[in-house]
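A short write-up of the structure that comes next.
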Amino acid sequence: MSIQYFEKENIFLLNTPKTSYIIGIFDEEQFLGHLYYGKRITNIEGIHSLARTMEPPFVPSKNDRDRSSFFDAFPFEYSSHGVGDFRESSLKMRTKDGHTATSLVYVSHVILRGKRKLEGLPATFGQEDEVETLEIICVDPVTNVRAILSYSVFSDCDAIARSVRVVNDSNQPLYMERVMSACFDLEGRDFDVLTLHGSWARERHMERKPLGHGIFGVASLRGESSHQEHPFIGLLSKNADQTSGEVYGFHFVYSGNFLAQAQRNQFGQVRVLMGIHPEEFCWKLEPGESFQAPEVISVYSDQGLGGMTRTLHDLYREHLIRSPWLHKKRPILINNWEATYFDFTSEKIVDIAKESARLGIEMLVLDDGWFGNRFDDNRALGDWQVNEEKITGGMGKLSDEIHAQGMKFGLWFEPEMISPESKLFKEHPDWAIQVPDRRPCRARNQLVLDISRKEVRDHILSQVFAVLHAAKIEYVKWDMNRPLSDLGSAALSSDRQGELMHRYVLGMYEMQERLLQEFPELLLENCSGGGGRFDPGMLYFSPQIWCSDDTDAIERLSIQEGTALLYPLSCMGAHVSVCPNHTVGRSTPFATRGMVALAGTFGYELDITKLSEEDKTAVQWQTRTYHAFNDLVREGKYYRVQSYAENHDHDCFMVTNAKADKALVFFTQVLATPNMRSRCIRLQGLKEEANYRIQIVNLDKEEQFTDTGKVVSGGILMNAGMIVERPWGDFQARLYYLEEI
Ligand code: DGJ
């Protein structure tokens, strides 16, 4: 890790172990230009030529006549608005006179050991010997806006964390209509663009296509990062695959509206922008006030997508997730949602707990429906008092009964919501986000609380804390089941209504921070109608996030592949549920459901009292496997080996430990094909010279391992392949354990 400033050359060189990022200062006006991002460079001789300032239109001091030609082609480090660069802008400030032109030039810089916190926002962190930060101070001399562009590089990860702070140094209020967190003007190569798209129950499916001229972008205007699109964009060289080729990945550490776009201009240059979506955003900055934009993570890999994936996994595990649970084995949980939905009593919950404990499950999570008159999903959000009709004797008693089984206890909340049919709404109708005189749009019959307001946050948290203090509760599932619409806050002035979406996200972060301060040992799992707010911002608060409401093992293959592209397996909430599956009606073997869930946080979401004796026994084999291998899954290096989304036949990925002397290979055959030979699958991440003994980990029989009798070298397994026998039947899973001998 190092950040160097070469004064004579006016160059900043930012190095991670294997990558370099180079910025230069140009011309008399001190334009900040982007020169290079890629494989590490140690000798920067001649780097200036990349800015092409020695060819027409030169620079404004030599050719002001064609200033616009310069502006429209120069690789800017942070693009201007309305002054001749017709590509997308990074910052747009409206003055009281209504002008929006904004253009920044370099003024000074500082280089710091460590990394500052971003006020009110989740962000990566590191010790002084792990991370170094460059802050470049720029100003717009006309509007007197100051922007501090911040770049942090890590000593153990090939990632750069960027953000921007904007300060109003003028004596007038300014309105910020657009603030991107990062702009990357990359040399124009023939890139493919990779994004994750989805829907409820179909989150984070990978999509790759050529990047043509014009703008391609993904976005959310839902007030959360969303099921539909993900705050990530990847640029891939045409030959990039899992193991080779060049990949740039950009990921937004934020949980609200976002814009992630790539623009290919007339000269083939590519500008990537990432930040809060400018639509529905306008932030008033009074003189002297500042605004902190959220963080963007960028990764460059010359070892294909796998290189990017493992960098992000390491970065998030070591420099983003703060929970004391991060490196711990999480209790195997059972959640009652798919078992009972709203129809339960404490007796039923205790019955589930008793049977679960007997089979090796370690925590019971009571989901939606335990409070107010919440007998269905039409009411009671906001009334966080225990419903004693269902929970006889109160939550303390139920918690004691669960603990008496030797289990931990967890509880569901949806703190950001309000039901129009609730006591809270009767008392405080103005606490719902809505536009005066307009009937607010309901979703799941609920409205969103205006948690941009402190009194609202205080009120909800005091209720949540009261429940959590009255009983022993080790885990909380924090859900959020609808997007934001009808944007109006009764507490904001007319010229600040455009701040609501971001203030909402800041309010939610503050609530989660306070929850964790009050209960530092709490295991928090975030959730949003499944995986609608699965993003790096939420990981700063919770070490795990519910991946999807779709618990079908086959649907989960693509959902978990897309999720693991960016996130460590340790944070993917994954449970075994019953068949036919409640979302797609598919029936899959119990062992397959177990293996797919074992690749995540692992748990159950079913009425265990109704399972067949055969499946109950299999629960014991699955929990045994979890204990044997969770360290490897949670902490290991992840390699995507085969993609069912691509080959439409089977799925395969693996994890190795740091020394690569142990590996687990997860293989799933989707549909069986007749009259075929066994498959030969090339593995990754092993040691070429080592010999590995290959065993099958049984999820469907008493005997824990079946020795295949094969010992194969890493070189053979990776270059030629591992023979995988064809299982009999559809939806069959195989878990292989490889150990160096
Ligand atoms: C959506 C979640 O994803 C489910 O797991 C469950 O908690 C329901 N909400 C409860 O309303």
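Residue under question is residue 478, and the condition is that it be touching a Pro at 6+ places or on another chain (Cβ under 7 Å), hydrophobic (A, V, I, L, M, F, W, C) and touching a residue at least 24 places away in the same chain (Cβ under 8 Å); does it hold? Criteria met by residue 478. Among the strands (runs of 3 or more DSSP E) confined to segment 639-705, the ones with at least 1 residues that are among the aromatic types (Phe, Trp, Tyr) are located at 650-656, 662-669, 691-697.
Report the residue count in segment 124-157 for those that are among the aromatic types (Phe, Trp, Tyr) and open to solvent by less than 20 Å² (accessible area, probe 1.4 Å). Before the answer, list the steps.
Initially, segment 124-157 is screened for residues among the aromatic types (Phe, Trp, Tyr), giving 125, 151, 154.
Pick out the ones that are also open to solvent by less than 20 Å² (accessible area, probe 1.4 Å) and you get 151, 154.
Total satisfying the criteria: 2.
The residue of segment 83-123 that is farthest from residue 145 (Cα to Cα), among those that are small (Gly, Ala, Ser) and surrounded by 21 or more Cβ atoms within 10 Å (Cβ to Cβ), is 123. In segment 204-217, the residues that are under 22 Å from residue 269 (Cα atoms) form Cβ pairs under 6 Å with partners that are among the basic types (Lys, Arg) and at pLDDT 95 or above, at six or more places apart or across chains, as follows: 211/264; 213/264.
Looking only at segment 171-207, which residues are outside any strand (DSSP E or B) and either touching a Leu at 6+ places or on another chain (Cβ under 9 Å) or not assigned by TED's automatic domain parsing to the domain that holds residue 304 (or both)? Before you say what the answer is, go through the steps one by one.
Step one: of segment 171-207, the residues outside any strand (DSSP E or B) are 171-173, 187-190, 198-204.
Those that are outside any strand (DSSP E or B) and either touching a Leu at 6+ places or on another chain (Cβ under 9 Å) or not assigned by TED's automatic domain parsing to the domain that holds residue 304 (or both): 173, 187, 189, 190, 203, 204.
Residues in segment 410-431 that are charged (D, E, K, R) and over 30 Å from residue 603 (Cα atoms) were compared, and the one that is nearest to the ligand (Cβ to nearest atom) is 421. With respect to the conditions (1) buried (at least 21 other Cβ atoms within 10 Å of the Cβ); (2) part of a helix (DSSP H, G or I), residue 426 lacks only one, and its number is (1). Residues in segment 443-455 that are under 13 Å from residue 485 (Cβ atoms), touching a residue at least 60 places away in the same chain (Cβ under 8 Å) and open to solvent by less than 50 Å² (accessible area, probe 1.4 Å) were compared, and the one that is farthest from the ligand (Cβ to nearest atom) is 448. Suppose we filter 259, 236 for residues that are farther than 30 Å from residue 129 by Cα and either in a helix (DSSP H, G or I) or out of contact with any Ser or Thr (no Cβ under 9 Å at 6 or more places or on another chain) (or both); which single one remains? Within the list 259, 236, the selection yields 236. Pull out all pairs, ordered by first then second residue, where Cβ-Cβ is under 7 Å, the residues are six or more apart or on different chains, the first lies in segment 391-411 and is at pLDDT 95 or above, and the second is of a type in the set (Lys, Arg) and open to solvent by 50 Å² or more (accessible area, probe 1.4 Å). Between residues of segment 391-411 that are at pLDDT 95 or above and residues that are of a type in the set (Lys, Arg) and open to solvent by 50 Å² or more (accessible area, probe 1.4 Å), the close pairs are 399/472; 403/472; 405/354; 409/472. Within segment 387-409, the only residue that satisfies the criterion of being out of contact with any strand residue (DSSP E or B) (no Cβ under 7 Å at 6 or more places or on another chain) and within 16 Å of the ligand (Cβ to nearest atom) is 390.
Residue-by-condition table, conditions (1) modelled with pLDDT under 95; (2) in contact with a strand residue (DSSP E or B) (Cβ under 9 Å, 6 or more places away or on another chain); (3) farther than 30 Å from residue 277 by Cα; (4) not small (Gly, Ala, Ser):
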| position | (1), (2), (3), (4) |
| --- | --- |
| 28 | no, no, yes, yes |
| 38 | no, yes, no, no |
| 44 | yes, yes, yes, yes |
| 57 | no, no, yes, yes |
| 62 | no, no, yes, yes |
| 78 | no, yes, no, yes |
| 83 | no, yes, no, yes |
| 101 | no, yes, no, no |
| 107 | no, yes, no, yes |
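Please find, among 195, 124, the residue that is among the hydroxyl-bearing types (Ser, Thr, Tyr) and farther than 30 Å from residue 582 by Cα. The conditions single out 124.
Kindly provide the set of residues from segment 706-737 that are part of a helix (DSSP H, G or I), hydrophobic (A, V, I, L, M, F, W, C) and open to solvent by 50 Å² or more (accessible area, probe 1.4 Å), ordered by number. Talk me through it step by step, then tell me what you get.
Restricting attention to segment 706-737, the residues satisfying the condition of being part of a helix (DSSP H, G or I) are 714-720.
Going one step further and asking which of them are hydrophobic (A, V, I, L, M, F, W, C), we end up with 716-718, 720.
Result: 716, 720.
Please indicate, with yes or no, whether at least one residue in segment 471-482 is part of a helix (DSSP H, G or I) and of a type in the set (S, T, N, Q). No, segment 471-482 contains no residue that is part of a helix (DSSP H, G or I) and of a type in the set (S, T, N, Q). Checked across segment 341-360, the condition of being open to solvent by less than 10 Å² (accessible area, probe 1.4 Å) and either within 11 Å of the ligand (Cβ to nearest atom) or not assigned by TED's automatic domain parsing to the domain that holds residue 467 (or both) holds for no residue. Just one of the listed residues (583, 668, 625) is touching a residue at least 40 places away in the same chain (Cβ under 8 Å) and farther than 30 Å from residue 408 by Cα, and it is 668.
Would you confirm whether or not segment 432-442 contains a residue that is over 28 Å from residue 349 (Cβ atoms), within 16 Å of the ligand (Cβ to nearest atom), touching a residue at least 12 places away in the same chain (Cβ under 8 Å) and not aromatic (Phe, Trp, Tyr)? Let's see the steps before the verdict.
Start the filter on segment 432-442 by keeping residues that are over 28 Å from residue 349 (Cβ atoms), which leaves 432-442.
Right, trim to within 16 Å of the ligand (Cβ to nearest atom) and you get 442.
The next check asks that each one be touching a residue at least 12 places away in the same chain (Cβ under 8 Å); those that pass are 442.
Next, from what is left, pick out any that are not aromatic (Phe, Trp, Tyr): 442.
Yes, there is a match, as at least one residue in segment 432-442 is over 28 Å from residue 349 (Cβ atoms), within 16 Å of the ligand (Cβ to nearest atom), touching a residue at least 12 places away in the same chain (Cβ under 8 Å) and not aromatic (Phe, Trp, Tyr).
In this structure, is residue 273 assigned by TED's automatic domain parsing to the domain that holds residue 38, assigned to a helix (DSSP H, G or I) and either at negative phi or out of contact with any strand residue (DSSP E or B) (no Cβ under 7 Å at 6 or more places or on another chain) (or both)? No: the conditions fail for residue 273. The residues of segment 324-339 that are within 11 Å of the ligand (Cβ to nearest atom) and either open to solvent by 20 Å² or more (accessible area, probe 1.4 Å) or outside any strand (DSSP E or B) (or both), listed by number, are 336, 337, 338. Taking every residue in segment 231-247 that is at positive phi and pairing it with any residue that is surrounded by fewer than 24 Cβ atoms within 10 Å (Cβ to Cβ), at least 6 positions away or on another chain, the pairs with Cβ-Cβ distances below 6 Å are 245/237; 245/239; 245/304. Restricting attention to segment 367-386, the residues being of a type in the set (Phe, Trp, Tyr) and open to solvent by 10 Å² or more (accessible area, probe 1.4 Å) number 1. Looking only at residues of segment 484-497 that are part of a loop (DSSP other than H, G, I, E, B), of a type outside the set (A, V, I, L, M) and surrounded by fewer than 20 Cβ atoms within 10 Å (Cβ to Cβ), we find that the one that is nearest to the ligand (Cβ to nearest atom) is 485. For segment 585-637, a tally of residues being under 27 Å from the mean Cα position of the chain (by Cα) and small (Gly, Ala, Ser) returns 6. Of all residues assigned to segment 87-109, at least one qualifies as being within 30 Å of residue 454 (Cβ to Cβ), in a loop (DSSP other than H, G, I, E, B) and charged (D, E, K, R).
The values are calculated or read from the model by the stated rules, or taken from the named source; none is laboratory data. Keep in mind that what you see is a predicted model, and the values were worked out from it rather than measured. Methodologically, a virtual Cβ is constructed for each residue, glycine included, from the backbone with ideal geometry; neighbour enumeration extends over all protein chains shown. To get the accessible areas, we keep the full protein, side chains included, count just its heavy atoms, and leave off ligands, DNA and RNA. Shrake-Rupley method; radii C 1.70, N 1.55, O 1.52, S 1.80 Å.
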